[in-house]
1. Restricting to the stretch 309-321, name every residue that is at pLDDT below 90 and farther than 21 Å from N366 by Cα.
2. Of all residues in the stretch 325-367, count the ones that are among the acidic types (D, E) and closer than 14 Å to G305 by Cα.
3. Taking strands (runs of 3 or more DSSP E) that fall entirely within the stretch 518-573, which contain at least 1 residues that are more than 30 Å from K600 (Cβ to Cβ)?
4. Please pick out the residue among S208, S194 that is of a type in the set (G, A, S), surrounded by fewer than 23 Cβ atoms within 10 Å (Cβ to Cβ) and more than 23 Å from N130 (Cα to Cα).
5. Listed residues G268, G283, G305; which is touching a residue at least 40 places away in the same chain (Cβ under 8 Å), touching a helix residue (DSSP H, G or I) at 6+ places or on another chain (Cβ under 6 Å) and of a type outside the set (A, V, I, L, M)?
6. When you go through T555, T549, T460 one by one, which is the residue that is among the β-branched types (V, I, T), surrounded by fewer than 18 Cβ atoms within 10 Å (Cβ to Cβ) and at pLDDT 85 or above?
7. Of all residues in the stretch 423-471, which are of a type in the set (A, V, I, L, M, F, W, C) and assigned to a strand (DSSP E or B)?
Amino acid sequence: MTKHYRLLRLISTITLFTLFITGAGLTCRAANDDPGAGRLSGRNIPAEFYGEDAGPIARIARYGTFDTISPFTNSAYSHQDIFAGRRIANGIDISQWQKNIDWAAVKAAGIEFAFVRVGYRGYGDAGTLNESTKDVYFDQNMQNANAAGVPVGIYIFSQAITPAEAVEEATYILQHIGAYQISMPLIMDYEYASDDSSGGRIKKAKLSKAQATEVCMAFCNTIAAAGYTPMVYANKSMLDNQLNASTITDAGYRIWLAHYTTNTDYAGTFDFWQYSSSGAVSGITGNVDMNFYYAREGDNFIPAGIPIATATIAPIPNQAYTGDSITPPISISYMGWPLTEGIDYTVQYKDNKDFGTATATVTGINQFCGSVKLEFQILPKRVSSVKAKKRSSTYITLKWTKNTKADGYQIWRATSLNGTYKKIKKISSGSTNTYKNTGLNKGQGYYYKVRSYMKSGGTTYYSDFSPVTVLYTNLGYSRKAIAKSWTTLYESESTESAPVSTPGTGATMNVLYSAKDNDGTTWYRVSYNAGGQTYTGCVTASSVTINMTGKVANTGIVNVRKSASISSKKLTTLKKNKKVTVLKTKTKKGVTWYQVTFKKSGKTYKGWIASPYLKLQ
């Protein structure tokens, strides 16, 4: 084997190993060193990118003013007065250091444009620029960004130190555009190499301002000649101290300022501001560079305005008929900030006086464009509340707020909060606002809701239902719920409702009524006092023991039977006013019997007493 062949094989092995490490997504330095590796990965951001924050910003009110909060950094930013009237768009710039990106999620998060790195010139003396220095995620990012509809531009991380090299870098971008859709500028990223202590080729070249500017102009001239919009990216320090930035902008070319602060004091002209390297955007793992774009009049990089349809618009609730035109307020926000009628949008109403469907057309203005049509219903006024005017063990008299314009009401009832509601009564008078619901079970909760109706043009219109109200019949005697070790008091008849309290084992609670949920589980509405506070809520039947108190009413001796029958064995006798605990009831041959338990002479008994001889308490 010749030395020449062994050398070729060694070079091939090293190349394959380098490609393997790069493909595995590990951080390594390629043969042609990536000048953006440190900054773009976020692990080595030079100090000249940062600026002093302006301190607290007092004038933060809404998206679109000169003071805004970026939802991607949760920080407030002030915008220079020169951008008054311009539309402010949110964007990102990315490279292989962000790896796989979900571009659909990025767009849904509110990102309106992106700059994608095509590659770089190596920062070593050779200044290598070829396919080995192409960003390994460039094609994937371009394809997926185009597919998601995110407007894109392309940038190259430059290390050009002569106009000829700048032309070469511009040509490199143009050669890689292919069939990709480009609507944003093509950019020369002009900065020092972040991972090289010497600063890389640009810094070591020690170019004068005029020479460095000539390099950037050569890039821009080449891009412009190809029919694209050129732009130069640089941090504030570079723009102030290493370039004649005004020469670039006076020629009609764009500047993309990098300055990590909340209130840049850069005095030159710029259209894009990279304000942070630590943004968080859905669809991207880890940090990402964040940018504002101050859209110029005549630019066609992105839509002329933010489509109002992308804002969050709250549905318009049903409106109560008044006989006059109804113009309900519209609640709109964008990126978490409320929009203002007359500044961000206008509203036009139609068919908004009579019963039925009305519309509100929201049209974007200034930074917003397009329109959205909202529909809402004009219905009779809603009944605000339902109460119990009177109750007994077999009926409840309902009372509700009167709607004098209504033609009548419908009353609906269920036996559980989320159960099946059935219409139990129609009242054909708007002035009648009571109803006696008879034939009810004693000690049971019932759930009511009422709606009014009005007739117009042969159509009956119904209001929204009133809030559901639970009302209960009287029991006629008291029942006690004795808490078990795992009893929990809930706000309503559902374990999904909020817990109210946890009574201790053996705690005695007064039972107000019983009800069943949709699953057939029996619940008790109870109340009790503890620590000087009254708690009211619902408990499941299985978590408590239900007791009633009774007192012997007969003036003589009352027999306690083994079962509910006068022919059953007599267990013992009780005297007048003896208190017992009633466990349950049973009706046999038209006679109600109570199963009771009590202590007598140190012995606990359980037996039955006929109802005429026991008074429930």
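The values are calculated or read from the model by the stated rules, or taken from the named source; none is laboratory data. On a predicted model such as this, the values are computed, not experimentally measured, just so you know. Cβ coordinates were reconstructed from backbone atoms using ideal geometry, including for glycine residues, and neighbour counts include every protein chain displayed.
1. none
2. 1
3. 522-530, 533-540
4. S208
5. Result: G283 is the single residue among G268, G283, G305 that is touching a residue at least 40 places away in the same chain (Cβ under 8 Å), touching a helix residue (DSSP H, G or I) at 6+ places or on another chain (Cβ under 6 Å) and of a type outside the set (A, V, I, L, M).
6. Going through T555, T549, T460 in turn, the sole match is T460.
7. I424, I427, V450, M454, V470, L471
Yes/no per residue for (1) touching a strand residue (DSSP E or B) at 6+ places or on another chain (Cβ under 9 Å); (2) modelled with pLDDT of 95 or more; (3) of a type in the set (S, T, Y):
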{"site": "S278", "(1), (2), (3)": "yes, yes, yes"}
{"site": "S282", "(1), (2), (3)": "no, yes, yes"}
{"site": "T285", "(1), (2), (3)": "no, yes, yes"}
{"site": "Y294", "(1), (2), (3)": "yes, no, yes"}
{"site": "I302", "(1), (2), (3)": "yes, no, no"}
{"site": "P307", "(1), (2), (3)": "yes, no, no"}
{"site": "S325", "(1), (2), (3)": "yes, yes, yes"}
{"site": "P328", "(1), (2), (3)": "yes, yes, no"}
